[in-house]
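The values are calculated or read from the model by the stated rules, or taken from the named source; none is laboratory data. This one's a predicted model, so the numbers in the text were calculated from it and none came from an experiment. No Cβ is skipped: glycine too gets one built from the backbone with ideal geometry, and neighbour counts run over all protein chains shown. Heads up: the accessible areas ignore ligands, DNA and RNA and are worked out on the full protein's heavy atoms, side chains in. Shrake-Rupley method; radii C 1.70, N 1.55, O 1.52, S 1.80 Å.
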Amino acid sequence: MKKKQVEDDSTQQEIQEFEKLDYSPTEDISDSEYIQQESDVEEDVSETIKNELSSYVNILQEVKSQQSLDISKLNCLYLEDQVDSQILFKVQLKELHDVKFAVSFEEAQQVMLNYQFDFIVMDINLQGEYNGLDALKIIKTMPAFSSIPIIAVTAYVLPGDKEKFIAAGFDDFISKPIFKEKMMESLEKIFLSKY
């Protein structure tokens, strides 16, 4: 019984001390001043969040730049019947270890027997009997080449073409002209996604 009374006294004391505390504002502020103070706090929080997000984006960009693809070790076969497109490709991607060109699939077959390639870039409209889609189907049945990434390219792009070419079995699609940025983005998507 004594223990219960001591607890009750202790609780009563805490309540009395709590009631003595003054929780009224130290200064009289108007509603508009209160709203302004609240707004200032929200701005501070917003600014902090923006700074943290900016820092996070910088970290992501740094990580991405460290994961850039070194194309200096890659060999490419480019099936392209237009000389100007061949030249542009060679200039834009001069960092590649080696690039071989073929104007038709028939010519490409001979080149493929003599060299190893890390990826193939293929124009859809080729000279000879086979177009790029036909060539893709044949290459995918060849055991030595079936796993080589093949990127479709064409100057004549219609809505839905990219989806159509990907569905046909190409690893990616790029519209002409082929500039380094577009090709690097495609190659990084293909090669860096494997790791």
**OP:** Quick one: count up the residues across region 87-102 that are closer than 14 Å to Gln127 by Cα and either assigned to a loop (DSSP other than H, G, I, E, B) or open to solvent by less than 50 Å² (accessible area, probe 1.4 Å) (or both).
**Re:** 1
Original post:
Within region 163-174, is there a residue that is open to solvent by less than 50 Å² (accessible area, probe 1.4 Å), among the β-branched types (Val, Ile, Thr) and over 15 Å from Glu106 (Cβ atoms)?
Top reply: yes
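Could you tell me which residue of region 155-176 is nearest to Phe119 (Cα to Cα), considering only residues that are out of contact with any Phe, Trp or Tyr (no Cβ under 6 Å at 6 or more places or on another chain) and modelled with pLDDT under 90? Working first, answer last.
Step one: list which residues in region 155-176 are out of contact with any Phe, Trp or Tyr (no Cβ under 6 Å at 6 or more places or on another chain), which gives 155-161, 163-164, 166-172, 174-176.
Pick out the ones that are also modelled with pLDDT under 90 and you get 155-161, 176.
Values: Ala155: 20, Tyr156: 22, Val157: 22, Leu158: 25, Pro159: 26, Gly160: 24, Asp161: 21, Lys176: 18 Å.
That would be Lys176.
Given region 103-195, what helices (runs of 4 or more DSSP H) lie entirely inside it while holding 1 or more residues that are among the basic types (Lys, Arg), touching a strand residue (DSSP E or B) at 6+ places or on another chain (Cβ under 9 Å) and in contact (Cβ under 8 Å) with a residue 12 or more places away in the chain?
Details: elements: 105-114, 132-141, 161-168, 180-192.
By residue number, 132-141, 180-192.
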